[in-house]
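Participant: Here it is, the structure in full.
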Protein chains: 2
Amino acid sequence: MSVLPGPEQLARFALAPGFRCAAAACGLKKSGALDLALVWSDAPCAAAGVFTTNRVQAAPVLVDRETLAAGGGRVRGVFANAGCANAVTGERGLADARRMQALGAAAIGARPGEVLVLSTGVIGAFLDMDRLAAGAAALRAPGASAAPGDAARAITTTDTGPKIAHAEVALPGGRARVAGFAKGAGMIHPRMATMLAVLTTDAAIEPARLARALRAAVARSFNRISVDGDMSTNDTVLVLASGAAGAAVDDAGEGAFTAALAEACAALARQIARDGEGATRLVELRVTGAVDEAMAHRVGDAIACSPLVKTAIHGNDPNWGRVLAAAGYSGAAIDPGRVRLWFGGGDDVQLLDCGLPLPFDRARAAELLRGDPAVLHVDLGLGGGATVVWTCDLSADYVRINAEYTT
Amino acid sequence: MSVLPGPEQLARFALAPGFRCAAAACGLKKSGALDLALVWSDAPCAAAGVFTTNRVQAAPVLVDRETLAAGGGRVRGVFANAGCANAVTGERGLADARRMQALGAAAIGARPGEVLVLSTGVIGAFLDMDRLAAGAAALRAPGASAAPGDAARAITTTDTGPKIAHAEVALPGGRARVAGFAKGAGMIHPRMATMLAVLTTDAAIEPARLARALRAAVARSFNRISVDGDMSTNDTVLVLASGAAGAAVDDAGEGAFTAALAEACAALARQIARDGEGATRLVELRVTGAVDEAMAHRVGDAIACSPLVKTAIHGNDPNWGRVLAAAGYSGAAIDPGRVRLWFGGGDDVQLLDCGLPLPFDRARAAELLRGDPAVLHVDLGLGGGATVVWTCDLSADYVRINAEYTT
């Protein structure tokens, strides 16, 4: 499939066995679109989360950290809203997030400490608890949608559409499935931070092992994307494991399970980057030849965050000097005289060889930048460290979308 | 005057006594506009420079570092071109920069080692040495302009106009003047980096003292601006001291001289930020209450680099949560519960008090964001560290300008 899912993929999208979901609209989005999602299991499941490293942490982030710690990583479900981030809301925001937990718990017959909460939207506004309470009731009323694609849609904000992903893994007791959804289009930057994502799996796995697998998967996926260098106060990735598959993740299976989780996370991460606000294409940056992976990541991160690189790609302008300039200010100890640069997934056009510009076919280079993804490959010529980082082009629409967000 | 100089200010602009200049067009700019500037003194003068910290350094940067070191900080002049950055050009670029030195030296009857060179424009292209040689000759021909405003205009690229500044200082032997010009509108970011700037003074000052004064002045000016978070390969600030005033800078006068130099540098820095590509206003970020100045700078830098903050200001959208989110991911150990935030030069509208949102007049807040400069004040509530950082709003025109730079 293309990077972003089409209507048919959304219609076919299913959570992992053992999980149900519901979606409703309660008016937190002024448009009247779906803005509430509930994902739950009838039995307690293992849960893990990775949260923003921003010093400013939204109330739901604080409550989820507390909930996971207090409950030993066992929960029943996740209750999410869009339209209000419940961030920078102080004690009242914390109380609101706890009340949101209770509303979600009541909807599925669980205790409040068994429900995680997610919020996304404007920072500094209080949740409308009356709407939220009415919405929580509506989620279990006969008219509510039980389609996972609708749950994915409900948590979107400036996204052009929902992000979904799935993966499978063979384990000792059978095959297990990983399926999840995510939102995110702005305020995306990979400093151990992510956007909202909910993953489900029917594998049987202990909370501590699940948490370790999630950290590893996030490092290879959500922490490798950047839309605008901004990190949200609400970024959260949650994974819930029902055990319904009967397939258990033990020491031997942890690697394969982590790989499947990372595969689903990476698919969601690419969809988030592709759906960057105003973006017209995914950009894949391959960095090789670094001293180590950290150095590769530092260089890739600087290039992915450079507005000049991203606008040049948007304009199909093979202005490769900006790529090298970004590598140069990344803080990594590159040697400009050893750097090589190509455009295209097959290293189609080489622009730079050991620090020297090469004559190149400008029309072909411009054509490669029009690709979706547009692929750039920088080799630092120093060692075996490598990474792949995803970002998007920067268009005038990014500015339009963000100049008028709250007004 | 307004932040950017008008035609009258440009017409009145003069270098410090002891300096002459010339400007010409040699075709390096496709438009045919002025693209060469020469500034010189008839007698050797003290010189100092501050250069980009990018690992990728343009040939003129390498040659200038070498020239200042070899000559003990004594030069006769500066030869600058726009239209080609002579960056990422390897050995050939170095040879071209040295030939450019020789051309400038021949034009003023100096030795090549007495001339500094500056280049700005596209990265990865070679200087057209035939055009440059013809242009160097034209600079001393009868028709060449000797107006300092034209020299300032010649080094601009995507700038909407030249940047000029002057300051005065009382010294033991009399008053001395500082006057200079700068260019820069994109690839601007304050990691000890600057754009092209040439400052002149008629104070008498030893090269080592001049270098120290320049470093201090740059730290308070060019290193406090950001347009897009990108750092150029060519960024250079040069200062030349003729001694024509008869006023000498000794230990006692160094502070006053540094202050005057910093004043001129800050005026140029503000003009560069105001003239950021596509910008419609200057943004002044005041950060107070930090543990120390470094922390204040870190927070100010993150806010100044946030595309979300800058687009919100462009849209007059008082979406202050983005300001706090940027402070939160700056890496500084802020305490969100102690942060206060105001818009307006007189702290006119308070939006946040000790981490909690306040009700505020949205229309008035939006009006303050329309100011030029738009002033934001963040108090971290932790200590006495403070700074001021300048940036600009981010408009769709930034994207348009940079999507089509080389094509």
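Read the figures in this text as sums done on the coordinates, not as results from a lab. Just so it is clear, the structure is predicted and the values come from calculations on it, not from any experiment. Neighbour counts run over all protein chains shown; Cβ positions are idealised from the backbone, glycine included.
Participant: One decimal, nm, shortest first: give the distances between the label point of B:A14 and those of the same position in the other copies, each label point 7 Å from Cα along Cα→Cβ.
Facilitator: Sorted ascending, the copy-to-copy spacings read 8.5 nm.
Participant: Please report how far the C-alpha centroid of segment A:55-69 lies from that of segment B:44-70, rounded to the nearest whole angstrom.
Facilitator: 50 Å
Participant: As a test, work out the antiparallel percent of DSSP beta bridges whose residues both lie in the protein assembly as shown, rounded to the nearest 5.
Facilitator: Among the beta bridges of the protein assembly as shown, antiparallel pairing accounts for roughly 75 percent.
Participant: Taking the alpha-carbon distance from A:K29 and a cut-off under 23 Å, which lysines remain once sequence neighbours fewer than 8 residues away in the same chain are dropped?
Facilitator: Cα-Cα hits under 23 Å: A:K163, A:K183.
Participant: Here's a follow-up. If the viscosity is 1.306 mPa s and the temperature 10 °C, what translational diffusion coefficient in µm²/s does Stokes-Einstein give for the protein assembly as shown when Rh comes from Kirkwood over Cα pairs?
Facilitator: It diffuses with D of about 57 µm²/s by this estimate.
Participant: A further question on this structure: Which whole-percent values make up P(r) of chain A when all C-alpha to C-alpha distances are grouped in 10 Å steps starting at zero?
Facilitator: Histogramming chain A at 10 Å steps yields 5, 23, 31, 23, 13, 4, 0 percent.
Participant: Sticking with this structure for a sec: For B:R338, place a label point 7 Å out from Cα along the Cα→Cβ vector, do the same in each other copy, and report the separations in nm, one decimal, smallest first.
Facilitator: Going from nearest to farthest copy, the values are 4.4 nm.
Participant: Using 0.36 nm times the number of residues separating A:A95 and A:F360, minus their current alpha carbon distance, what extension gain do you get?
Facilitator: Extending this stretch completely gives an extra 89.3 nm.
Participant: Eigenvalues of the Cα gyration tensor times 5, then square-rooted: what semi-axes does that give for segment B:333-407, in whole angstrom, largest first?
Facilitator: Largest first, segment B:333-407 gives 30, 17, 12 Å.
Participant: Smallest Cβ-to-axis distance in chain B, for the rotation taking B to A: which residue, how many Å?
Facilitator: B:A396, 2
Participant: Among B:137-149, A:61-73, how do they line up by average Cβ neighbours within 10 Å per residue, starting with the highest?
Facilitator: A:61-73, B:137-149
Participant: Once every DSSP H run of n ≥ 4 in chain A is given -39500 (n - 2.57) and the sum is divided by its residues, what mean residue ellipticity at 222 nm do you get, rounded to the nearest 500 deg cm²/dmol?
Facilitator: The helix contribution divided over chain A gives -10000 deg cm²/dmol.
Participant: If you project the alpha carbons of segment A:1-67 onto the principal axes, what extent comes out on each, in Å, largest first?
Facilitator: 39, 34, 28
Participant: Follow-up question, since we're still on this one. Can you give the angle from 0 to 90° between the axis of helix B:251-274 and the longest principal axis of chain B, with both taken from C-alpha atoms, to the nearest 10?
Facilitator: That works out to roughly 70 degrees.
Participant: Mind ranking B:343-354, B:48-59, A:201-212 by how tightly packed they are, going by the mean number of other C-beta atoms within 10 angstrom, highest first?
Facilitator: In descending order of packing, they fall as B:48-59, A:201-212, B:343-354.
Participant: If you line up the long axis of helix A:59-70 against the longest principal axis of chain A, both from Cα atoms, how many degrees apart are they, to the nearest 10?
Facilitator: 70 degrees
Participant: Given springs between every Cα pair under 10 Å in a Gaussian network model of chain B, which of B:A304, B:A363, B:A216 has the largest fluctuation?
Facilitator: Maximum among the listed residues: B:A363.
Participant: Can you check what the Kirkwood hydrodynamic radius comes to for segment B:256-309, Cα pairs only, in Å to one decimal?
Facilitator: Hydrodynamic radius (Kirkwood, Cα pairs) of segment B:256-309 is 12.9 Å.
Participant: Averaged across the residues of B:117-124, what count of C-beta atoms belonging to other chains lies within 10 Å of each residue's C-beta?
Facilitator: 3
Participant: How well do other chains shield peptide A:56-62, expressed as the mean number of their Cβ atoms within 10 Å of each residue Cβ?
Facilitator: Mean partner-chain Cβ count within 10 Å for A:56-62: 2.
Participant: Right, next: What's the average, rounded to a whole number, of partner chain beta-carbon atoms within 10 Å of each residue's beta-carbon in A:389-401?
Facilitator: 4
Participant: In the P(r) worked out for segment A:282-403, what percent of Cα pairs fall beyond 20 Å?
Facilitator: Every Cα pair in segment A:282-403 considered, those over 20 Å come to 36 percent.
Participant: If you don't mind, another one. Where does each of A:276-285, B:366-375, A:18-27 land if you order them by average Cβ count within 10 Å, highest first?
Facilitator: A:276-285, A:18-27, B:366-375
Participant: Under the convention of a label 7 Å out along Cα→Cβ, give the distances in nm from A:D353 to the same position in every other copy, shortest first.
Facilitator: Values, ascending and in nm: 6.8.
Participant: Helix A:293-305 versus the longest principal axis of chain A: what angle, 0 to 90°, nearest 10, using Cα atoms?
Facilitator: For helix A:293-305, the angle is close to 90 degrees.
Participant: When the scattering of segment A:220-354 is computed by the Debye formula from its Cα atoms alone, each counted once and equally, what is log10 I(q)/I(0) at q = 0.10, 0.11, 0.14 Å⁻¹?
Facilitator: Log10 I(q)/I(0), no solvent term: -0.43, -0.51, -0.77.
Participant: Still on this model: Can you give me the Cα centroid spacing of segment B:248-270 and segment B:121-160 in angstrom?
Facilitator: With segment B:248-270 and segment B:121-160 each reduced to a Cα centre, they are spaced 29 Å.
Participant: Seen from all sides and averaged, what is the projected area of the convex hull of the Cα atoms in segment B:287-355, in nm²?
Facilitator: 4.4 nm²
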